[in-house]
1. Where does the charge balance sit around R198 when Lys and Arg score +1, Asp and Glu -1, over other residues with C-beta under 13 Å from its C-beta?
2. Taking the Cα centre as origin and putting +1 on Lys and Arg beta-carbons and -1 on Asp and Glu beta-carbons, what dipole magnitude results for segment 28-110, to the nearest 20 debye?
3. Run through every distinct alpha carbon pair of segment 89-210 and return the Kirkwood hydrodynamic radius in angstroms, one decimal place.
4. State the extension gain, in nm to one decimal, for the chain segment bounded by Q202 and Q77, taking 0.36 nm per residue of separation less the distance between their alpha-carbons.
5. Work out how much length D135 to D194 would gain on full extension: take 0.36 nm times their residue separation and subtract the Cα-Cα distance, in nm to one decimal.
6. Report the gain in length on full extension from E150 to I96: 0.36 nm times residue separation, minus Cα-Cα distance, nm rounded to one decimal.
Amino acid sequence: MVGDCRRSVRRGDPAGGGGQNWRSADMLADGNRPMESDYVRRHHQHDPTENQCSSTLIKHIKAPVPLVWSLVRRFDQPQKYKPFISRCVVQGNMEIGSVREVNVKSGLPATTSTERLELLDDNEHVLSMKIVGGDHRLKNYSSIISVHPEIIDGRPGTLVIESFIVDVPEGNTKDETCFFVEALIRCNLKSLADISERMAVQDQTEPIDQ
């Protein structure tokens with residue numbers, strides 16, 4: 001899967017339309033349901049400038065919210081489900097304002113990223129982070145990921161919504177920049193779904209490594 005993701009990301013690499021777009025990590029970009037729109041209004045509002053792009057992606061996962069959130073909330077261990085991250089070190093305790101240093105696997109136009117935890121809400125199941133450094137061109141990048149309960153095939157499932165805003169690098173278009181970031185997020189959400197659903201089958205439904 002990582003190899004497929006790398007090929008997809010490289011096709012959209014912004015060397016290293018205004019407004020906020022709706023996309024789908026499930027490749028069902030044919031509109032969104034009222035509940036999804038409500039979650040986006042509540043948790044995923046961005047206000048991009050003329051030189052920024054923003055987008056929102058959704059993923060439906062056949063695993064319960066506590067299990068999925070137990071992976072998503074680990075700001076200190078994003079490699080639990082993000083396939084491009086090889087190592088992560090958090091400076092100090094994990095709390096709002098904590099900074100992590102991330103090492104990126106080969107195949108991407110970067111090797112490191114410095115990221116700050118902006119929000120971690122265990123009640124609403126929302127995590128937000130901002131990139132504050134690194135050898136890449138994702139300047140002023142912020143993302144929000146939220147996790148919501150839903151029923152899939154008659155069983156407890158999870159709706160995951162992830163949105164971002166980022167500067168458009170010089171020499172690239174908004175579409176190119178959005179395509180690149182969306183490809184990364186799609187890979188992360190696919191991996192999150194694969195791991196969560198495998199754990200659900202194994203009945204590992206309690207939050208892990210709290």
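No value in this document is a laboratory result; all are computed from the given coordinates. Here the structure is a predicted model, which means the values were calculated and not measured. Counting neighbours? That spans all protein chains shown, and the Cβs are built from the backbone with ideal geometry, glycine included.
1. Result for the local shell: 0.
2. The dipole magnitude comes to about 460 debye.
3. The answer is 16.4 Å.
4. 42.9 nm
5. 18.3 nm
6. 16.6 nm
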